[in-house]
Amino acid sequence: MYSFIRSLNYFYTMVYRQVKRFLRARSRVVVSIVQPILWIFLFGMGMGGVFNFQNPMIDAFIRQQFNGLDYMTFLLTGIVAMSIFIGSFISGVSVIFDKQFGFLKETLVSPAPREIILLGRAVGDSLVLLINASIVLTLGFMISNQLRPEGVLPALSYGFVLSIGFASLGIAIASRMNSMEGFQMLMNLLIMPLQFVSGIFFPIQRMPDWMQIIAKINPLTYAVDGIRYWLTGRSEFDPMIDIILLMILSIIFLVIAMWSFRKATIED
């Protein structure tokens with residue numbers, strides 16, 4: 001019982017540190033909020049104008065292509081998932097930062113199990129990203145009248161599972177690297193194709209067959225679809241399948257991260 005309480009205390013300490021660290025970095029807070037908003041306004045309004053023909057029949061046909069949603073609403077729900085996905089994936093950079101400045105070594109010599117340290121990091125980063133997603137959603141409700149308020153909490157729960165999974169994967173990769181620049185370049189290389197083949201910007205069913213295959217093995221696809229379902233009532237897959245697959249993949253990523261983190265820290 002004592003060891004459990006002690007582990008819980010270590011876990012809370014890591015969660016608190018990650019949240020406090022983020023909130024103290026004002027530039028990071030601003031960028032994490034402004035970036036998805038820019039996507040919404042620049043990409044959403046630009047593409048929204050392309051799909052707005054001022055003709056009821058044509059506009060109705062276009063809505064059918066986006067599961068009955070106007071393009072701005074379709075994009076908004078995807079951007080919520082995208083903001084969580086990108087933020088969680090690149091959160092692994094803090095592991096490299098802690099390596100370089102010695103904090104990670106100080107943490108590892110403590111009695112805290114490595115698994116608790118990793119889990120605390122992932123959960124702390126995830127909570128921060130849910131705050132960001134809530135801000136984006138608040139803006140979304142101001143822009144679109146097709147969003148459902150009762151779907152916010154279930155949508156954020158999908159976002160939390162997504163964040164745990166990709167934060168774990170980011171930590172797994174970062175624990176094997178020593179260069180922030182190298183990590184960021186690798187993240188950009190991975191993030192770009194994953195976000196464009198996930199249903200954020202365009203429906204999966206409208207993609208070429210070969211791209212649909214890639215989309216269906218992309219974990220981000222199921223988070224986007226689940227979040228879109230709870231916020232609008234429209235989805236391309238069964239929402240239960242979305243959350244089950246998302247949880248399975250997140251657990252796999254977490255296990256990989258624990259193995260990689262333990263191996264890397266023992267070697268160091």
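Restricting to segment 132-150, give me the number of residues that are assigned to a helix (DSSP H, G or I) and either touching a Gly at 6+ places or on another chain (Cβ under 9 Å) or free of Cβ contacts under 8 Å to residues at least 24 places away in the same chain (or both).
Residues in segment 132-150 being assigned to a helix (DSSP H, G or I) and either touching a Gly at 6+ places or on another chain (Cβ under 9 Å) or free of Cβ contacts under 8 Å to residues at least 24 places away in the same chain (or both): 9 in total.
Confirm whether GLY159 is part of a helix (DSSP H, G or I), in contact with a Phe, Trp or Tyr (Cβ under 6 Å, 6 or more places away or on another chain) and buried (at least 23 other Cβ atoms within 10 Å of the Cβ).
In short, no.
Is there any pair with a first residue in segment 200-212 that is in contact (Cβ under 8 Å) with a residue 40 or more places away in the chain and a second that is assigned to a helix (DSSP H, G or I) and buried (at least 17 other Cβ atoms within 10 Å of the Cβ) whose Cβ atoms are under 6 Å apart and which are 6 or more apart or on different chains, and what are they?
ILE200/GLY78; ILE200/MET82; ILE200/VAL224
Taking PHE166 as the residue in question, decide whether it is touching a residue at least 12 places away in the same chain (Cβ under 8 Å), of a type in the set (Phe, Trp, Tyr) and part of a helix (DSSP H, G or I).
Answer is yes for this residue.
Each value in this text was obtained by applying a stated rule to the coordinates, not by laboratory testing. Source: prediction; values computed, not measured. Methodologically, a virtual Cβ is constructed for each residue, glycine included, from the backbone with ideal geometry; neighbour enumeration extends over all protein chains shown.
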